[in-house]
Amino acid sequence: MSSPSSGAAPPASYSTVLRNRRFLALWLGRMASFSGDAVFDLAIIWYVLVSTGSVLLVGVTLAAIYVVDIVLGPVAGTVVDRWNRRSVVLATYAGQAVVVGVAGLLYAMHDLTYLVALSTVVLVEAGYQLTLPAHNAMVPGAVRKAELLPANGLISGTSAANTIASTALGGLLVGFLGFTIPFEYDAVSFVLAMGLIAVLPRALGDPHGPDAGEAKGPDSSPERLSFAGELREGLAVLRRDRVLLELTLLGTLVSLFAMGLQGLYAPYVLEVLHGGASLYGFLTVSFAVGSVVGGFLVGHFGRRARTGRLIVLGLTGQSASIAALGLIRAPGLALGIKGIGGVSQETNIVPWTALQQARIPRKAYGRVSSLVNTIINAPSPVAVLLTAYVATRVSLGTTFLLYGLAMLATVGTAVLLSRELRRLGPVETMGPPAPLIRSSNERDPGPST
């Protein structure tokens, strides 16, 4: 941890985390790769649309991303916990740079096919599943526990701002220069991110560091578990931590509704607000601006707030904003409500991320956090199809209203039933994570004789 060697530690704030060179390198490396990803995401979807003329293939491309997230999430998290996180990030960024760079060259030579483009999307997304938990797992080693909320608030807020700026840049690059330059921009962003992460000490990425959460009792062992054993160990951590388990289940139920609506915003703009592509773009930007504001506000003012209250407040705001969209027909109001939804999302996500970093043993962070994300996102593919069917049976406005009310009911029920959620205090007051405990029958077998 980066704490002063003598005297009282200064109060946690954005200035304290930005003066921390380790966190600064982590943050800048993440922002560099995110900028390239935002440009690439816009370019590759637009390339698929204009090169194939098929909306169905665009949907297949997006569905492939969901499938990668669900299938590779737990596996990638376990990989992150088996090897040095810094090394994993560097190797993954190098691979992503090569993959995207080759795709750009193939387009320049008129040899980029849809299957190659789809393979590029899958490989880049697979890399993201490795780098995201690896980055998040290194944050608790770079900052003090009291700085986790402002650190994550800064990451979240600047990520949203980065997405706005980089998506606009991607649109300009594609519109004026075609697809080669946006692809190569992403490749260069990975190389820049590698340079920033390379300055970090290797020890920061060590999952077996002094605060990694290794048990010291008679059942502990320095021997490495099998890959399946480490997956089971991560699942055991989640099962033992009632707070994480309850919040994961709550997130899964909310995701069933919120993710299902993702495919309805464009038709909502067209049929309910009677707008066009520009209004749809403004709606997206409004949500992103709200995310920027929400991330910074929670990171600055929420450090001493009760974590459970922040998460509930965020989920309630998201639910209410979705329900409100179902009741209005004025574009201006819709933009404002969408912005409130962005603020609310960060009010939930920032403390939720800090909570995981504070409660999950650092040694197991990759597999546990990836497992949590996989469980929460698992309903997404089915939810999108189910919600589309619901929208064909009732109006779009009614669908938003019903889903928002269902989310509010889900959050309210969780508050009533979960004593742990109601009692959850500030992140900085939480004790150390529970140690990992390995039973002797989970160790790797020795060499055969």
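I need a count of the residues in the stretch 290-306 that are over 11 Å from residue 161 (Cα atoms) and aliphatic (A, V, I, L, M).
3
Looking at the stretch 338-355, which of its residues are among the β-branched types (Val, Ile, Thr) and over 15 Å from residue 292 (Cα atoms)?
Step one: list which residues in the stretch 338-355 are among the β-branched types (Val, Ile, Thr), which gives 340, 343, 347, 349-350, 353.
353, the sole residue that qualifies.
Filter the stretch 155-200 down to residues that are part of a loop (DSSP other than H, G, I, E, B) and modelled with pLDDT under 90 and give me whichever is farthest from residue 43 (Cα to Cα). Step through it out loud before you land on a result.
Taking the stretch 155-200 first, the residues part of a loop (DSSP other than H, G, I, E, B) are 178-179, 199-200.
Narrowing further to those that are modelled with pLDDT under 90: 178-179.
Details: 178: 9, 179: 6 Å.
Among those that are part of a loop (DSSP other than H, G, I, E, B) and modelled with pLDDT under 90, it is 178.
Could you list, in sequence order, all residues of the stretch 222-274 that are within 30 Å of residue 308 (Cα to Cα), at pLDDT below 85 and β-branched (Val, Ile, Thr)?
Scanning the stretch 222-274 gives a single hit, 237.
May I ask you to list the residues in the stretch 26-42 that are surrounded by 22 or more Cβ atoms within 10 Å (Cβ to Cβ) and of a type in the set (D, E, K, R)?
Residues satisfying the conditions are 30, 37.
Among the candidates 331, 426, 351, which residue alone is surrounded by fewer than 23 Cβ atoms within 10 Å (Cβ to Cβ) and either modelled with pLDDT under 85 or under 21 Å from the mean Cα position of the chain (by Cα) (or both)?
Values: 331 fails: either modelled with pLDDT under 85 or under 21 Å from the mean Cα position of the chain (by Cα) (or both); 351 fails: surrounded by fewer than 23 Cβ atoms within 10 Å (Cβ to Cβ).
Exactly one residue qualifies, and that residue is 426.
Can you tell which of 446, 397 is modelled with pLDDT under 85 and over 26 Å from the mean Cα position of the chain (by Cα)? Even if it seems obvious, please write down each step before you answer.
Numbers: 397 fails: modelled with pLDDT under 85.
From the options 446, 397, the qualifying one is 446.
Conditions (1) farther than 30 Å from residue 87 by Cβ; (2) crowded, with 19+ Cβ neighbours inside 10 Å, marked per residue:
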{"residue": "163", "(1), (2)": "no, yes"}
{"residue": "176", "(1), (2)": "yes, no"}
{"residue": "189", "(1), (2)": "no, yes"}
{"residue": "208", "(1), (2)": "no, no"}
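In the stretch 240-251, what residues are within 18 Å of residue 345 (Cα to Cα) and crowded, with 18+ Cβ neighbours inside 10 Å?
Pass one, the stretch 240-251, residues within 18 Å of residue 345 (Cα to Cα): 247-251.
Correct list: 247, 248, 250, 251.
Would you point out which residue out of 310, 335, 325 is touching a residue at least 60 places away in the same chain (Cβ under 8 Å) and not small (Gly, Ala, Ser)?
Details: 310 fails: touching a residue at least 60 places away in the same chain (Cβ under 8 Å); 335 fails: touching a residue at least 60 places away in the same chain (Cβ under 8 Å).
On inspection, the qualifying residue turns out to be 325.
Could you grab me the full set of residues in the stretch 43-58 that are within 21 Å of the chain's Cα centre (by Cα) and surrounded by fewer than 21 Cβ atoms within 10 Å (Cβ to Cβ)?
45
The values are calculated or read from the model by the stated rules, or taken from the named source; none is laboratory data. Quantities reported herein were computed from a predicted structural model and do not represent experimental measurements. Note: ideal-geometry Cβ built from the backbone for every residue, glycine included; neighbour counts use all protein chains shown.
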